[in-house]
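Okay, structure first, notes after.
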Amino acid sequence: MRSLVLTTLLLANASLLCAFDLGDVSQAVSSMQTSKTAAPAAKQQSSSLTGLLSSQLGISDKQASGGLGSILSYAQGNLDSDKFSTLSKAIPNASSLLSMAPQASQAMSGLSALSGNSSAGGLASLASQFSSLGMNSSMISKFVPIIVNYLKSSNSNDAASILSGLF
C-alpha cells in the first residue's frame, strides 16, 4: 500500500515538473538580462572597462577598479592638466575610479619625494598601489594595453595616445 501511494505521488510530481513551457523560461531569462542592461550608460561603460580588465586578466572587479584608479592617479601626477583632462573625460566615471585607488605606502611616497625623477618615483608608488590590491607590478603592463585598446575602440584616440606615452 505504501509503495502504491509513493508511486502515485512521484507520478503526480513528475507531471507537475513537466508542465512548464520553455518559452516562459526563455522570456524570464530575457527579462532578467534586459533589467541588467538598463543601467545608466556611463556606469555601464565604466563597468564594461573594469569587466574587460577583470575577464581578460582574471582579477576581481575591485582589483580592476582599484588598478584603473591607480593608473589614473599616476597619470594625474605625470601629465599637464589639459592632457589629464582629455584622458579622464575618455574614461567613464574617472573621478570615482580615482577614489578607488589605494594609497601608496609611506615608504614609496618617501622614495618618490627623494628621487629626482618624479616618473620613477611615481612608478614605484603605482607598483605599491597594485601590491596593496594583491597584484604584482607586472600587472601594470597588462592593464595599459587593455585600457589603450578600449580607448581606441571608443574613438578616444587622443586619450589612447596620451596613456601610451606615459608607459
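The values are calculated or read from the model by the stated rules, or taken from the named source; none is laboratory data. As the structure is a computational prediction, the values presented were derived from the model and not from experiment. Quick reminder, even Gly has a Cβ in these numbers, built from the backbone with ideal geometry, and neighbours come from all protein chains shown.
Give the residues of the range 56-72 that are hydroxyl-bearing (S, T, Y) and part of a loop (DSSP other than H, G, I, E, B), sorted by residue number. Spell out how you get there, then give the answer.
Let us first name the residues in the range 56-72 that are hydroxyl-bearing (S, T, Y), namely 60, 65, 70.
Passing the criteria: only S60.
Quick grid of which residues meet (1) within 23 Å of the chain's Cα centre (by Cα); (2) at pLDDT 95 or above; (3) part of a loop (DSSP other than H, G, I, E, B):
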position: S54; (1), (2), (3): yes, yes, no
position: Y74; (1), (2), (3): yes, yes, no
position: F84; (1), (2), (3): yes, yes, no
position: Q103; (1), (2), (3): yes, no, yes
position: S109; (1), (2), (3): no, no, no
position: S112; (1), (2), (3): no, no, no
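Among the numbered criteria (1) within 16 Å of Q76 (Cα to Cα); (2) surrounded by fewer than 21 Cβ atoms within 10 Å (Cβ to Cβ); (3) at pLDDT 95 or above, which one does L163 miss?
Every listed condition holds for L163 apart from (2).
Please find, within the range 132-167, the residue that is nearest to K83 (Cα to Cα) out of those that are in a loop (DSSP other than H, G, I, E, B) and touching a residue at least 24 places away in the same chain (Cβ under 8 Å).
First pass over the range 132-167, keeping only residues in a loop (DSSP other than H, G, I, E, B): 133-136, 154-156, 167.
Filter once more, keeping what is touching a residue at least 24 places away in the same chain (Cβ under 8 Å): 133-135, 154, 156, 167.
Working: L133: 27, G134: 30, M135: 27, S154: 17, S156: 12, F167: 15 Å.
Here the residue is S156.
Could you grab the pairs with beta carbons closer than 6 Å, sequence gap of 6+ or different chains, first residue in the range 80-94 and over 14 Å from S164 (Cα atoms), second one hydroxyl-bearing (S, T, Y) and assigned to a helix (DSSP H, G or I)?
Going by the 6 Å Cβ cut-off, the qualifying pairs are P92/S46; N93/S46; A94/S88.
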